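Encoded as structure tokens, the structure appears first; notes follow it.
The values are calculated or read from the model by the stated rules, or taken from the named source; none is laboratory data. None of these values were measured; they are calculated from a predicted model. A quick note on method: Cβ atoms are made from the backbone with ideal geometry, for glycine too, and the neighbour counts reach across all protein chains shown. Accessible surface is based on the protein model in full, side chains and every heavy atom, while ligands, DNA and RNA are left aside. Shrake-Rupley method; radii C 1.70, N 1.55, O 1.52, S 1.80 Å.
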Amino acid sequence: MTDDATPLERFLRGIIPENPVYRQLLGLCPTLAVTNNMKAAMTMSGAVLFVLLGANLVVSLIRGLLKPHLRILVFTLTIATFVTIADRFLAAFMYPMSKELGPYVPLIIVNCIIICRCEVCASRQSPAVAIADASGQSLGFALALASIATVREILGSGTWWGIRILPAGWDNWVIMVLPAGAFLTMGLLLGIANWLGTIRSETKGY
Amino acid sequence: MSSGSPIRVLPTPPRVVVPLRQHIGAPPEPVAGPKTLVSFGQKLGECRAFVSAPVHSPLSGTVERHTTLTLPTGIRTVAVPVSASGDNLSGRALLDEILGGDWDYERIKDVDPDEIAARVQDAGIVGLGGATFPTHVKLISAREKGVELLIVNGCECEPYLTADHRMMLEAARAVLCGALLAARACGGAGIAVAVEDNKLDAVRALEREAAGTGIRVVTVKTKYPMGGERELVPAVTGRLIPSGGLPLDVGVVVINVGTAAAIARAVLRGGALTHRVVTVTGAVHQPGNLLAPIGAACRDLLDFCGGIKPDAARIVAGGPMMGFALADLDTPLTKGTSGLVVLRREDVEREAETECIRCARCVDVCPTGLVPTKIALAARNELWDRAEKLHASDCIECGCCAYVCPARIPLVQLIKVAKARLAEIRRTAAERP
Amino acid sequence: MNNAPGKENTPLAQAPTLSVGPSPHMVSRDLSTRRMMADVIIALLPVIVVSFYIFRWFAIYHLLLAVITCVSVEALSMRLLRRPPTIQDGSAVVTGLIFALSLPGTAPWYVNLIGAAAGIFLGKVVFGGLGQNIFNPAMVGRAFVMIAFPAAMGASGYVSQSTGVDILTSATPLTALKQMGQGTSLMHLLMGDTNGSLGETSALACLVGGFYLCARGTASWRIPAGVLLAVTIISSAAYLIHPTPHWTPLHHLSAGALLLGAFFIATDPVTSPVTRKGRWTFGIGIGTLVMLIRYLSGYPEGVMFSVLLMNSAAPLVDRLTVPLPLGGSPGKRKP
Amino acid sequence: MKLRYISEAWLVLLLATGFALALAAVDLAWKTRIEENKRRETIGQIPHLVPGAVRGQKEFVGKVYVYRAFDSAGRQVGWVLPAVGQGFADRIELLIDLDSEAEYITGLYVLEQKETPGLGANIIAAQWRKQFTGKPATLPLHVSQAAIGENEIQAVTGATISSESVVSIVNEAVAGFRRALEGWER
Amino acid sequence: MDLLVTLLLIAVGAALINNFVLHYFVGLCPFMGVSRRLDTATGMGFAVTFVISVASFLSWTLTYFVLRPGAPLTTWLLHREVDLSILNYIVYIFVIASSVQFVEMYVRRFFPNLHRSFGVYLPLITTNCAILFACLEIMKHVSGVEDPARVWGLPQALTLAFFAGIGFTIAIVIMAGIREQLDVADVPRALQGAGIAFVVAGILAMAFTGFTGVDRGLEKILKPAPSRHAASPSARIHSRGGEQ
């Protein structure tokens, strides 16, 4: 967690080593709620990318002027504004998707990833670093969502990104598109991630 | 197995090793140095503290160099070896001296109550049921607090043991005499002798002797651990002993039949506690109940009973549920040893421990109403506050839970660990102002 | 133990096979985990026999497939986790049997396979194996496939006894009641000549096995007693308010998976509370939830959900019903 | 003191102003589009649902909220009745189309549902919804296995409850609307 | 009576059927983070219930009177119908932040014991999405609903919020009980902590599926059966005349 990391390092760090979902367990509501198909998951990732970029950039730009006790207030204001813009954009241009995502787009306001990045990184770093950080974290978030959505969409609907990939005889696992399937998939993928992590650290260690 | 065999006297062994610390409380100091001659009933250890008891020589002989040894209970103590020499009572004479002969109820009226406790202390009497708590302390605090009832505990503390049973059959009068004396020392409490309903012959014997004394003989259900105070007092009186409390808290004092007989002997004949009745049973050739000197090697007792059978695998001092396994056959008999149980290989062989499947058999059998499996799990994971919430400290360590456990989990050991740890935590908390 | 110096220290060798161990030095021999599992299997025999009789090859095929799947998934997972094998305790077999008996005969093979695997893996292995699981593995498996394959889990047919080969398509008694208001005669419910999951149709078989289990002490009688008590009270109250002659409280007691659940599923010791009061609470809770689901929810039957819900509450129930030690109020401890 | 507050708050105020402007701009730019999206979903469905209709118009009949469907000549060709009710899993929102006399159901559209995918969710299938077309609005409909009667609807396979939910929502809404219509016109 | 039934249905729906945590995945952070011990979980549950009720009251008031298209207060002030709903999210998040502040102050002042038991969780709640989600659910039923008969009043909003809080409490308390038991279980290492908690939540979600349709069943029992289609054919023809 050194603060003198280059933008590139920041970017890369967000993808795997500090993956917001698997490593930091942040932003769980959308991770579970919108991952029953890839399209929704990727739209959500896009929205998060937009909000995180915007918030990180604004916070980073004004970081020198920020009084500590007003910090959270400013963060919240900024995030809420960007979320509103994202929400309206979806409603205007991707109406069915906006309906599908429903309240989970406004819930980005309280998504811990964004507050956390503003607090940990953007309020201390230059805009370039902040943007790299935001992109890295968003990409990590997107990858996490994609992994869960892939499992859930394939098993639950027999498709991936709407394209049928399992044979027609496949009986969809309805549970996978329901909340229970989301929790179970998340739990097991988290287990696999931890397991891979330990294997990696073991091989590194010796 | 041994309830039908009358009490036999162990012939005076050539040598005894008398541990000084055989009871709960402060250890006595040795008073007979090496090479001194001691006579039967002479003090080997004297105590300064109140909660303590002196130790006496069970035979006449020469004191050898003191040693230290660790008793099966884990207590480490100085022991005084005595080699027998000179005249020692044996056989019938010894039995008569200790249990037999005439016990005159009339003489009790003349005894000063304060005198009783003093004699009891001087005779080194401790709870012979196995708890080994100095009896005089019990009597004195009972008198201070005032008790209504003295219960003579005629329930064997463990399965297989028959020493108390034989005692009640063969020395009923001595037992009742001791009970009357103890009740007098407590300030005139009523007396009930509690006997399990599988010992009706003992009930008859006691009732015969009790005629005209006002002593009640109460039969209770035969169910381990009825010999424990916490079970016995409610069974006899219907009063529950509060958690962490003593029978005294409900106006009751409990003494063992052996203790009662020892009191009678100490007060009426001036004899010290030097012998006790021990059940030797299990895989020995002639199981029986022996009157044996305290300090005699277990080997002597086993040899007297015809030696152990070839399939013997473990010898337990005490009973099979709570007793301690002997690592050494020369371990001396102590005041608290009520039996030697020789277990066969198939008795002690254990299957491997498996996971708890929460079948709750331990909960069903726990006489104290605890949840042993959860305490054990808490102890295993060192979650002491959880063990505390589960009332681990109330466990009486009867072993019922481990006996029934289908997963063969050493529940008692784990709970003992929790108890010890909780006591420690409480102590440190008390020390910190 | 004896570390006294000198000649007191007799070597152990003199006493040929002296072994030292902690107390108690004896254990009750008539019980072990394996024996308990064997008891469950014995108790299930009447149910299994009836299911063979009524569902013929469907029953044989499902029972075999589920047991094989459960055992192999457990064996495989334990190897993957590098833990000692646990097949020999027999619990996977019991899970497989109960899971299969809770399936409708017409369920496709993959439903059985996935459910059995999910039950053992999600219901048991991830918690660390036997004794550690919170939820009844068989019910986890069944709930998984019930939600995943709702269409396949509707019991849609069974083999008629009279003809032996034809598949009779008919609704289960509870579905018929819920959707069409039709009753089923008590005799059918008792003997099991109705449609339903493999093991649930015959109330009589469940009772016989259940009584054996309770008499052996392998299952705590308090749990089924609590379930049946709650169901009786609630269904009687409802019956008094709104009498339905074709569906009496007795029907409620003997239809569906209630008896199978009360005696074989709810009594799974691992996932039920250990305290006496807790077991009553657990049983009554299951009975109440079953009636709630039967009367109100979209599902015709609710034993599986009720068992899972009460499983989840079992740790709480246990915690809230810690018995006071004999004669004790916890606050009154002597210093 | 007050001055200090202002000096500390100027940034917040500035930001707030900036954000407010941005939001105002967003609102101005996309509002009509969003409204159009929403409209298209309900009222915009009318031409597809009611044969011959080209536009719809919001209307209150008594207290019942309904759309009137008009054809290109401006004549009313039907009613579109929004209805909502409890399904198996969650709320089901429907649009029920009636002929202009509110005598027959001319169509059914599922606006929103969260029924079990692959089972109850099949209520959105056109195949199933088509059954409602031509059913009388004067009689309560029933779900049956075979759908023989004039007022019977065959259940979606394996999803009797969802089917029943739809039917009961339809029944209740239609009955309510017809009552309201009667009172309204007198 | 009808209102009471509606409220009952909302309550059952929010607490059991569409449990916030197990069905909507909101409030997951505290559900995962503060469910290790039973007493803290209970404290968190009650704190959330409290705040969610206060925040919903405020947000309903603001939405109903100020923000929604055609809101009475705004119309009265500006003399025309204005749609301020673009400000919804910003308003809600500030409402939540200030209700947390307000609740904290109030509880500290008047119920010091209560404050000791769950005061520490209050600041954490600001970012609890369950609260915002409740506001958004209420918004869905207030703002932009075309049929005035279906616009939620305060009772509906408060019932939803309070019982959503109760549902959250139920879920987190059950979870805490389970996790206390899992403390002594031999969970595979990779799954320890959050992994197993998710699996448990998944099975809980499966179990809660059993409540599906309970609201419908209740409705059937409590609401009188839909009255039969009253209008007779003659009345219909009659009514048709005036229509064209």
Area hidden from solvent between C and E (accessible, protein heavy atoms only, 1.4 Å, total, Å²):
2600
May I ask for log10 I(q)/I(0) of chain E at q = 0.07, 0.16 Å⁻¹, from a Debye sum over the Cα atoms as equal point scatterers with solvent left out?
-0.32, -1.16
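Which three numbers, in whole Å and largest first, are the semi-axes of the equivalent ellipsoid of chain A derived from its Cα gyration tensor as √(5λ)?
Values: eigenvalues 190, 104, 31 Å².
Over the Cα atoms of chain A, the ellipsoid semi-axes are 31, 23, 12 Å.
Please list C:Trp221, B:Trp103 from largest to smallest accessible area, probe radius 1.4 Å, with all protein chains kept in place.
Details: C:Trp221 125, B:Trp103 5 Å².
These residues rank, largest area first, as C:Trp221, B:Trp103.
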No solvent, one uniform scatterer per C-alpha: report log10 I(q)/I(0) for chain C via the Debye equation at q = 0.08, 0.11, 0.12 1/Å, two decimals.
-0.42, -0.72, -0.83
The answer for the per residue Cα convex hull volume of segment C:73-124, in Å³, is 69
List the residues whose amide H sits under 5 Å from the amide H of B:Thr162, counting only those 5 or more places along or on another chain, with H placed 1.01 Å from N in the peptide plane.
B:Thr279
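Per-residue ellipticity at 222 nm for chain C, helices alone: DSSP H runs ≥ 4 residues times -39500 (n - 2.57), over residue total, nearest 500 deg cm²/dmol? Kindly include the intermediate steps, with their values, before the conclusion.
Numbers: 12 runs with 174 residues, N = 335.
Helix contribution divided over all residues of chain C: -17000 deg cm²/dmol.
Can you tell me the FRET efficiency between A:Glu202 and B:Ile425 if r is taken as the Cβ-Cβ distance and R0 is 30 Å, rounded to the nearest 0.05?
Working: r = 38 Å, r/R0 = 1.26.
Here the calculated transfer efficiency is 0.20.
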Binned Cα-Cα distance frequencies in the protein assembly as shown - 10 Å width, integer %
1, 7, 13, 16, 15, 13, 11, 9, 6, 4, 2, 1, 0, 0
Would you please give the FRET efficiency between D:Thr157 and E:Val151, computed as 1/(1 + (r/R0)^6) with r the Cβ-Cβ distance and R0 = 45 Å, to the nearest 0.05?
0.75
Within 10 Å of each Cβ in peptide A:24-31, how many partner chain Cβ atoms are there on average? Round it to a whole number, please.
5
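I'm checking a number: the convex hull volume of the Cα atoms of segment B:290-348, normalised per residue, in Å³. What is it? Write out the running numbers ahead of the final one.
Numbers: hull volume 4.3 nm³, N = 59.
Spread over its residues, the Cα hull of segment B:290-348 gives 73 Å³ apiece.
For peptide A:77-89, how many partner chain Cβ atoms fall within 10 Å of a residue's Cβ, on average? Walk me through the numbers on the way to the answer.
Numbers: counts 7, 3, 3, 10, 10, 2, 3, 11, 8, 1, 5, 9, 5.
Taking all residues of A:77-89 together, the mean is 6.
Report the longest stretch of chain C that contains none of the trypsin sites (Lys or Arg not before Pro) sitting in a DSSP loop with at most 13 other Cβ atoms within 10 Å.
Value returned for the longest uninterrupted segment is C:83-335.
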State, in square angstrom and to the nearest 100, the accessible area buried between chains A and D, both chains counted, probe radius 1.4 Å.
2000
Could you rank the peptides D:159-165, C:204-210 by their average count of other C-beta atoms within 10 Å per residue, with the highest value first?
D:159-165, C:204-210
Cα-based radius of gyration of segment D:128-186 once divided by 2.2 N^0.38 Å, which approximates compact folds:
1.22
Can you give the mean number of other chain Cβ atoms that lie within 10 Å of the Cβ atoms in peptide E:144-151?
4
Once amide H atoms are placed 1.01 Å from N in the peptide plane, what residues at a sequence separation of 5 or more from D:Ser144, or on another chain, have their amide H within under 5 Å of its amide H?
D:Ile153, D:Gln154, D:Ala155
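Per DSSP helix of 4 or more residues, -39500 (n - 2.57); summed, then divided by the residues of chain B. What does that give at 222 nm, rounded to the nearest 500?
Details: 15 runs with 136 residues, N = 433.
My calculation for chain B gives -9000 deg cm²/dmol from helical runs alone.
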Simple spin-label model, 7 Å along Cα-to-Cβ: B:Asp112 to B:Phe50 in nm?
2.0
Rounded accessible area of B:Asp110 (nearest 10 Å², 1.4 Å probe)
130
log₁₀ I(q)/I(0) of chain B at q = 0.13 Å⁻¹, via Debye over equal Cα point scatterers, no solvent, to two decimals?
-1.20
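In Å², rounded to the nearest 100, what is the total accessible surface buried by chains B and C against each other with a 1.4 Å probe? Could you put the intermediate results ahead of the total?
Numbers: alone 18820 and 17390 Å², together 30350 Å².
Roughly 5900 Å² of accessible surface disappears when B and C pair.
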For the protein assembly as shown: accessible area per residue (Å², 1.4 Å)
39
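Roll a 1.4 angstrom probe over the protein heavy atoms and tell me the percent of accessible area of segment B:89-273 that is carbon or sulfur.
49
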Percent of accessible area on segment D:125-186 owned by carbon and sulfur, 1.4 Å probe?
51
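Sorted by packing (mean other beta-carbon atoms within 10 Å per residue), highest first, where do C:183-191, B:146-154, B:353-361 land?
Values: C:183-191: 17.0, B:146-154: 23.6, B:353-361: 21.8.
So the order, starting with the most tightly packed, is B:146-154, B:353-361, C:183-191.
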Taking a ≥ b ≥ c as the square roots of the eigenvalues of the Cα gyration tensor, with a/c under 1.5 meaning rounded and otherwise prolate when a/b exceeds b/c and oblate if not, segment B:361-431 is prolate
Taking B:423-430, A:174-181 and ranking on average Cβ neighbours within 10 Å, highest first, one gets A:174-181, B:423-430
What ³J(HN,Hα) values, in whole Hz, does the Karplus curve 6.51 cos²θ - 1.76 cosθ + 1.60 give for segment A:172-179 when θ = phi - 60°, with x put for Gly and Pro?
4, 7, 4, 4, 5, 8, 9, x
Assuming a strict under-20 Å limit between Cα atoms, what lysine pair count do you get for chain B once near-sequence pairs (fewer than 8 apart, same chain) are dropped?
10
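Can you classify segment B:152-238 as rounded, prolate or oblate using the Cα gyration tensor, where a ≥ b ≥ c are the square roots of its eigenvalues, rounded means a/c under 1.5, and otherwise it's prolate if a/b beats b/c and oblate if not?
The shape class here is oblate.
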Label-point separation (nm) for C:Leu250 and E:His79, each offset 7 Å from Cα along Cα-to-Cβ?
8.0
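Can you tell me the convex hull volume per residue for segment D:45-182, based on C-alpha atoms, in Å³ to the nearest whole number?
Details: hull volume 12.9 nm³, N = 138.
Given the Cα convex hull of segment D:45-182, per-residue volume reads 93 Å³.
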What FRET efficiency comes out for D:Val54 versus D:Leu13 if R0 is 51 angstrom and r is the Cβ-Cβ distance? Round to the nearest 0.05.
0.50
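Looking at the protein assembly as shown, send over the antiparallel percent of its DSSP beta bridges, to the nearest 5.
On the way: 68 of 94 bridges.
Here the share of antiparallel DSSP bridges comes out near 70 percent.
Assuming a ≥ b ≥ c are the square roots of the Cα gyration tensor eigenvalues, decide whether segment A:118-181 counts as rounded (a/c under 1.5), prolate (otherwise, with a/b larger than b/c) or oblate. Write out the running numbers ahead of the final one.
Details: a/c = 7.16, a/b = 3.09, b/c = 2.32.
Here segment A:118-181 falls in the prolate category.
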What nm value, rounded to one decimal, do you get for the distance between E:Lys220 and B:Asp385 when each label is placed 7 Å out toward the C-beta?
4.8
Please compute the Cα-Cα pair-distance distribution of segment B:89-273 with 5 Å bins starting at 0, giving whole percents from short to long.
1, 9, 19, 23, 22, 16, 7, 2, 0, 0
Principal axis box of segment B:48-158, alpha-carbon based, largest edge first, Å:
46, 35, 33
Quickly estimate the mean residue ellipticity at 222 nm for chain E, helices only: each DSSP H run with n ≥ 4 gives -39500 (n - 2.57), and the total goes over all residues, rounded to 500.
-21500 deg cm²/dmol
For B:Arg276, residues with placed amide H under 5 Å, excluding near neighbours:
B:Ala292, B:Ile294
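Please compute the length gained on full extension between C:Ile60 and C:Arg82, using 0.36 nm multiplied by the number of residues separating them and subtracting their Cα-Cα distance.
Values: separation 22, 0.36 × 22 = 7.92 nm, distance 3.29 nm.
Full extension from C:Ile60 to C:Arg82 adds 4.6 nm.
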So, with a 1.4 angstrom probe, what is the percent of accessible area on segment A:58-125 that is carbon and sulfur?
67
Return the sequence-ordered ³J(HN,Hα) values of segment A:135-149 in whole Hz as given by the Karplus equation 6.51 cos²θ - 1.76 cosθ + 1.60 applied to θ = phi - 60°, using x for Gly and Pro.
5, x, 4, 5, 5, x, 4, 4, 5, 4, 4, 4, 4, 5, 4
